[in-house]
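Taking it in order: structure first as structure tokens, then the write-up.
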Amino acid sequence: MSFLRRRKGTDSSKSQNLRCNIVKEDEKNNLYESPRKESYNSKKWSCWDSCCWFIGFVCSVWWFLLLLYNTMPASIPQYVTEAITGPLTDPPGVKLRKEGLTVNHPVVFVPGIVTGGLELWEGHQCAEGLFRKRLWGGSFGELYKRPLCWAQHMSLDNETGLDPPGIRVRPVSGLVAADYFAAGYFVWAVLIANLAQIGYEEKTMYMAAYDWRLSFQNTEVRDQTLSRIKSNIELMVATNGGKKVVVIPHSMGVLYFLHFMKWVEAPPPMGGGGGSEWCAKHIKAVMNIGGPFLGVPKSVSGLFSVEARDIAIARTFAPGFLDKDVFGLQTFQHLMRMTRTWDSTVSMIPKGGETIWGGLDWSPEGSSFNCGAKTLRNNSINNTDQIPNINLANMKNVNYGRIISFGKDVAEAHSSKIERVDLLDSMKADMLANLTNCDIWIEYHDIGDHRIKAAADYKVYTAGSILDLLHFVSPKLMARGGAHFSYGIADNLDDPKYQHYKYWSNPLETKLPDAPDMEIYSI
């Protein structure tokens, strides 16, 4: 019994020691594990975690929506739109197709100024990597990256009006030349799409792309563009069963095609040698859209201060800080320098002088304006008190014959109350003094304060005197323009001098083509 008790006691002591060892081991383990548990439990949610989760959530949602968009049927967006707004009307092309219209006459598009794409074929080192990339039209990305290089390559030679040495910029060919001017800004794309709805395609449509910076005759001298238009029209007529073409020019393209119709009739080397019957044989109709036949006053502001809307938009693309003097870049001056090498802008100066546009104390709108005010009052206004901001008495004094007026007071004052200096004397003296000092007069401070004062002291400029002002401000541009364009009115169209190409884009100094059956529309 004593042995059993002793053995039992030994076992119990061993078990007790084992329990103690286990407890100590557990305490030891707890001693080492407790800091890790405390550190894990004490970790908090940081801002970085929130940002990462948020970015991951946005990317996941975006990926899911993109996947959904690419996998859904193409008709669903239209179905949703029609469910909200009602059935969509058919585009014109679909309506014409339902009416049974199909391809008939080939169509020729003639784009206007600034709307045609231009691409680089040869340039300086700063334009490396831009071979056959668009410098004009498209995204204008190079204008952001290298504005001075872009302006240099978009400029023409100030003496010849052609390419500067080492630079070749050429018009983009094909329908893509002027379908879109920039992303979301269509020019001909909608019309092309609607014509395609009734069966037209590239063999029955032709974009008469040209370098709109050049004078009209220089497009033939440098690129043979007029000859190409002639050949393409002849080809379209020959390959479409002898059906004549319908030409649709737009803006300055109206003047360009008017020049072409006279060029194609004239004998070589000045003309295309097509003969007097060429237009009658090849052109069914000409549909002019927004044609500046008599010029547009906004071209004067563009030449004078680069503030015409169509050109000033290019200035907004350049970052604003580049205009600061501290950078020494002066993008505004470079833009003015660039645009004053584009001879085509001179083609849209008002033509006909004061006979067409009015003088100091009268304008064609003068008598019709009162009628317009009366019509406005009768149609929508019963009492002039409803429009307190409009003073009809003062509006009658507005004279649109004064294209530029330095001061509101002289814009409304009678000519007898306006004191003006002799601009021609000031212009002659200043031009002689600056023939060797200035290549292009690009800004007012380059002209000089006394010259600015002379221009401002003349007070008012009409369509007749505006030419003197432009010669005063931009002599080289106007000298080149005077060799390629004219702005007068012909006394006798049979005078042989009107056979020169400088008169061909002025409808007041040239005859229409010898094509009695050719139809001409103006929109």
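Against the conditions (1) closer than 16 Å to residue 339 by Cα; (2) touching a helix residue (DSSP H, G or I) at 6+ places or on another chain (Cβ under 9 Å); (3) in contact (Cβ under 8 Å) with a residue 24 or more places away in the chain, residue 144 satisfies every one except (1). Here residue 178 meets each of (1) open to solvent by 20 Å² or more (accessible area, probe 1.4 Å); (2) under 17 Å from the mean Cα position of the chain (by Cα); (3) aliphatic (A, V, I, L, M) with one exception, condition (1). Candidates are the residues of the range 181-191 that are of a type in the set (A, V, I, L, M, F, W, C) and in a loop (DSSP other than H, G, I, E, B); the one that is least open to solvent (accessible area, probe 1.4 Å) is 188.
Can you say whether residue 173 is free of Cβ contacts under 8 Å to residues at least 60 places away in the same chain, open to solvent by 40 Å² or more (accessible area, probe 1.4 Å) and not in a helix (DSSP H, G or I), as far as the supplied structure shows? When the stated conditions are applied, residue 173 passes them. Taking the range 138-162 as the range and being within 21 Å of residue 187 (Cβ to Cβ), part of a helix (DSSP H, G or I) and either open to solvent by 50 Å² or more (accessible area, probe 1.4 Å) or of a type in the set (A, V, I, L, M) (or both) as the test, the residues that pass are 143, 154. Listed by first and then second residue, the pairs linking a residue in the range 225-238 that is within 12 Å of residue 263 (Cα to Cα) to a residue that is buried (at least 20 other Cβ atoms within 10 Å of the Cβ) and among the β-branched types (Val, Ile, Thr), with Cβ atoms under 6 Å apart and 6 or more places separating them unless they lie on different chains, are 225/219; 230/264.
This table checks each residue for (1) in contact (Cβ under 8 Å) with a residue 40 or more places away in the chain; (2) farther than 15 Å from residue 348 by Cβ; (3) part of a loop (DSSP other than H, G, I, E, B); (4) in contact with a Gly (Cβ under 9 Å, 6 or more places away or on another chain).
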| site | (1), (2), (3), (4) |
| --- | --- |
| 468 | yes, yes, no, no |
| 478 | yes, no, no, no |
| 489 | yes, yes, yes, yes |
| 505 | yes, no, yes, no |
| 510 | yes, yes, yes, no |
| 515 | yes, yes, yes, no |
| 520 | yes, yes, no, no |
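Look at (1) farther than 16 Å from residue 209 by Cα; (2) modelled with pLDDT of 95 or more and you find that residue 226 fails only one, number (1).
Set side by side, the residues 242, 272 differ, and just one is assigned to a loop (DSSP other than H, G, I, E, B) and without any contact (Cβ under 8 Å) to a residue 12 or more places away in the chain, which is 242.
I need the full set of residues from the range 192-228 which are touching a Gly at 6+ places or on another chain (Cβ under 9 Å) and part of a helix (DSSP H, G or I), in order please. Scanning the range 192-228 gives 193, 194, 195, 196, 197, 202, 218, 220, 226, 227. The condition of being at pLDDT 70 or above and touching an Asp or Glu at 6+ places or on another chain (Cβ under 8 Å) holds for residue 503.
Test residue 80 against the criterion of being part of a helix (DSSP H, G or I) and open to solvent by 60 Å² or more (accessible area, probe 1.4 Å), and give yes or no. Steps first, answer last, please.
Numbers: part of a helix (DSSP H, G or I): yes; open to solvent by 60 Å² or more (accessible area, probe 1.4 Å): yes.
So residue 80 passes the test.
Taking residue 85, is it over 30 Å from residue 176 (Cα atoms), open to solvent by 90 Å² or more (accessible area, probe 1.4 Å), polar (S, T, N, Q) and at pLDDT 70 or above? So residue 85 passes the test.
The values are calculated or read from the model by the stated rules, or taken from the named source; none is laboratory data. Note that the structure is predicted; figures quoted are calculated from it, not measured. No Cβ is skipped: glycine too gets one built from the backbone with ideal geometry, and neighbour counts run over all protein chains shown. The protein model used for the area step is the full one, side chains on, heavy atoms only, and it has no ligands, DNA or RNA in it. Shrake-Rupley method; radii C 1.70, N 1.55, O 1.52, S 1.80 Å.
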